[in-house]
Amino acid sequence: MKILVTGSAGHLGEALVRSLRERGDEAVGIDRRESPFTAHVGSIADRGFVARCMEGVEAVLHAATLHKPHVASHSRQDFIDVNITGTLNLLEEAAAASVRAFVFTSTTSVFGDAMSPPAGAPAVWISEATAPIPKNIYGVTKQAAEDLCQLFHRNHRLACIILRTSRFFPEADDNPNVRAAFADENVKANEYLYRRVAIEDVVSAHLLALERVATIGFGKYIISATTPFLPEDLALLRVDVAAVVRRRAPEFEAEYARRGWTMFASIGRVYANEKARRELGWRPRYDFSRIVERLAAGQGVTTPLARIIGAKGYHTEDFVEGPYPVDSRG
């Protein structure tokens, strides 16, 4: 099968191209940057470029995007051009070419302010039933792109699945207080409890979406590591995360003590992946307990595919204040 992969020079795009080629598919990567996994260099905002790349394509994995780290370095118009117009170009050309499957990589960032409970309230259980409240231009444009996907399914019968992925980037946390208080691997291990996913599992979700999209027709799914928490834990998670983890994944304590690591004091939201596991048949390999096992075996938090791909970065320059600039204006 000939599959078009957008953003092929990026972290997820490379992982998708690698995995598709390993299983024998013809993966055609497109990106604005040259890379060993990019067949065509150009912008998805260029309709003519997209049309040329769509020739003979049977399925599209659309991972190209401007990300949250670009909010401070790119204009709102840039986000609209890439995340909305670029997605529209891909959808229109895919429909014109009778492409049978379209998988759009979205983000849990679309939930925005819905993920921030008020003081004294329990943590929020984030599922597909949670109404998004985007809080910056990144979230706004990703939600708009999701709506375009639904429009093309409804009006053009384009089979489309949206995968709202949680964190899988290898860069350090953008919050200086977090970086000062925790070792980087400590942060990432903690995040597997509620808002992180391994790149291997993101790839497997995309491949399953390709297989199931014709039957499903249209669907939105949260792609995040399976949490050990339950809804009844939400109140205590705001005030004593460690107490909940001792109950749900007690094996962590000895390994964390050996490393001098600590839990976050409070967690404000938990991503639930039940729908993806039920409807896609997705079985993520990496969760918090698996990460603790890897730590005990001396393997570290970084998973094998993530180690191969490495860190791509989001900018060509370095920043004194962190791995990328942060602008809360959105």
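The values are calculated or read from the model by the stated rules, or taken from the named source; none is laboratory data. Here the structure is a predicted model, which means the values were calculated and not measured. When we count neighbours, we look across all protein chains shown, and the Cβ atoms used for this are built from the backbone with ideal geometry, even at glycine.
Considering Ala94, Ala114, which residue is in contact (Cβ under 8 Å) with a residue 40 or more places away in the chain and in a helix (DSSP H, G or I)?
Among Ala94, Ala114, only Ala94 is in contact (Cβ under 8 Å) with a residue 40 or more places away in the chain and in a helix (DSSP H, G or I).
With Tyr221, Tyr194 as the choices, which residue is hydroxyl-bearing (Ser, Thr, Tyr), touching a residue at least 40 places away in the same chain (Cβ under 8 Å) and assigned to a strand (DSSP E or B)? If you could, list the steps in order and put the result at the bottom.
Working: Tyr194 fails: assigned to a strand (DSSP E or B).
None of the other options fit; the residue is Tyr221.
Would you point out which residue out of Thr38, Thr87, Thr65 is part of a loop (DSSP other than H, G, I, E, B) and within 20 Å of the chain's Cα centre (by Cα)?
On the way: Thr38 fails: within 20 Å of the chain's Cα centre (by Cα); Thr87 fails: part of a loop (DSSP other than H, G, I, E, B).
Result: Thr65 is the single residue among Thr38, Thr87, Thr65 that is part of a loop (DSSP other than H, G, I, E, B) and within 20 Å of the chain's Cα centre (by Cα).
When you check Ser35 against the structure, is it in contact with a strand residue (DSSP E or B) (Cβ under 9 Å, 6 or more places away or on another chain), more than 22 Å from Ala97 (Cβ to Cβ) and not aliphatic (A, V, I, L, M), yes or no? Explain how you work it out, then say what you get.
Values: in contact with a strand residue (DSSP E or B) (Cβ under 9 Å, 6 or more places away or on another chain): yes; more than 22 Å from Ala97 (Cβ to Cβ): yes; not aliphatic (A, V, I, L, M): yes.
Spelling it out, Ser35 is indeed in contact with a strand residue (DSSP E or B) (Cβ under 9 Å, 6 or more places away or on another chain), more than 22 Å from Ala97 (Cβ to Cβ) and not aliphatic (A, V, I, L, M).
Would you check if there is a residue in the range 5-20 being surrounded by 24 or more Cβ atoms within 10 Å (Cβ to Cβ), in contact with a Gly (Cβ under 8 Å, 6 or more places away or on another chain), hydroxyl-bearing (Ser, Thr, Tyr) and modelled with pLDDT under 95?
No: zero hits.
Only residues that are touching a residue at least 60 places away in the same chain (Cβ under 8 Å), outside any loop (DSSP other than H, G, I, E, B) and β-branched (Val, Ile, Thr): list them for the range 240-286, please.
Residue satisfying the conditions is Val270 alone.
Name every residue in the range 1-32 that is closer than 16 Å to Ile309 by Cα and either over 19 Å from the mean Cα position of the chain (by Cα) or aromatic (Phe, Trp, Tyr) (or both), in order of residue number.
Arg21, Glu22, listed by residue number.
Checking Arg179 against (1) buried (at least 20 other Cβ atoms within 10 Å of the Cβ); (2) at pLDDT below 95, which test does it fail?
If we test Arg179 against (1) buried (at least 20 other Cβ atoms within 10 Å of the Cβ); (2) at pLDDT below 95, just (1) comes out false.
Which members of the range 117-135 meet the condition of being touching a residue at least 12 places away in the same chain (Cβ under 8 Å), under 23 Å from Leu151 (Cβ atoms) and over 16 Å from the mean Cα position of the chain (by Cα)?
Hits for the range 117-135 are Thr130, Ala131, Ile133.
Quick one: what pairs do we get from the range 152-181, first residue in a helix (DSSP H, G or I), second among the charged types (D, E, K, R) and surrounded by fewer than 16 Cβ atoms within 10 Å (Cβ to Cβ), C-beta under 8 Å, 6+ apart or different chains?
Final answer for the pair search is Pro176/Glu321.
Among the residues of the range 235-259 satisfying the criterion of being among the small types (Gly, Ala, Ser) and over 13 Å from Leu295 (Cα atoms), which is surrounded by the most Cβ atoms within 10 Å (Cβ to Cβ)?
The residue in question is Ala249.
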